[in-house]
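> Structure in C-alpha cells, see below.
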Amino acid sequence: NLTSNSVELKWNPSTDNIGVKEYQVLRDGQLIQTVQGTTFIDQNLTANKEYKYAVKAVDAAGNTSIQSEILPVKTKDQNVSYEKWDPKKAYTKGDKVEHQGTVYEAVQNHQGNGDPNWIFALSLWKPLTIK
C-alpha cells in the first residue's frame with residue numbers, strides 16, 4: 001500500500017536452521033526499524049519522493065542475513081484527487097480524470113457519447129498512473 005506519506009512493505013518469510021527471530025528494515029541504507037513479522041508501514045515520509053528499501057533477517061543466535069534486493073518506492077503526490085470519468089461529459093485537452101484506479105489525461109478536446117470504452121481510446125486519453 002502506498003500513499004503520499006507512507007509505504008507498506010511486505011515480504012516472504014526467511015528460513016534458517018535456528019529460526020528467524022526478527023527482520024531489520026532499512027531505508028536508504030539506514031536501519032529504521034526491527035520487526036517480528038513480515039510487514040512494516042513506514043510513515044511520515046515526504047510526498048513524491050523515492051526511497052530505497054531492503055530487509056535483513058536475524059536468527060535467534062543473532063546472525064544477520066545478507067540484505068534483500070533493494071526495492072525503490074516513490075510516494076504519491078500530496079493528496080491529489082481527480083474527478084471520476086463520465087462517458088457523457090465534454091472534456092478539454094489536458095483535463096485529468098480517474099477511472100478504475102487509473103488517472104487519465106485528455107489528449108484532445110472531445111464530447112463523450114456515453115460509450116464506456118472511450119476511456120481506453122488512446123486517441124482521446126493517455127493513462128498517467130496504473131493501479
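> Taking the condition surrounded by fewer than 15 Cβ atoms within 10 Å (Cβ to Cβ) and either assigned by TED's automatic domain parsing to the domain that holds Tyr51 or under 30 Å from Ile41 (Cβ atoms) (or both), does Gln111 pass? Before the answer, list the steps.
Working: surrounded by fewer than 15 Cβ atoms within 10 Å (Cβ to Cβ): yes; either assigned by TED's automatic domain parsing to the domain that holds Tyr51 or under 30 Å from Ile41 (Cβ atoms) (or both): no.
No: the conditions fail for Gln111.
> Follow-up question, since we're still on this one. Does region 53-66 contain at least one residue that is within 16 Å of the chain's Cα centre (by Cα), surrounded by 11 or more Cβ atoms within 10 Å (Cβ to Cβ) and of a type in the set (Val, Ile, Thr)? Walk me through it before giving the result.
Kept after step one, since they are within 16 Å of the chain's Cα centre (by Cα), are these residues of region 53-66: 53-54.
Restricting the remaining residues to those that are surrounded by 11 or more Cβ atoms within 10 Å (Cβ to Cβ) gives 53-54.
Still in the list and also of a type in the set (Val, Ile, Thr): none.
No.
The values are calculated or read from the model by the stated rules, or taken from the named source; none is laboratory data. Note that the structure is a prediction, hence the values are computed from the model and not measured. Please note: Cβ atoms are built from the backbone with ideal geometry, for glycine as well, and neighbour counts cover all protein chains shown.
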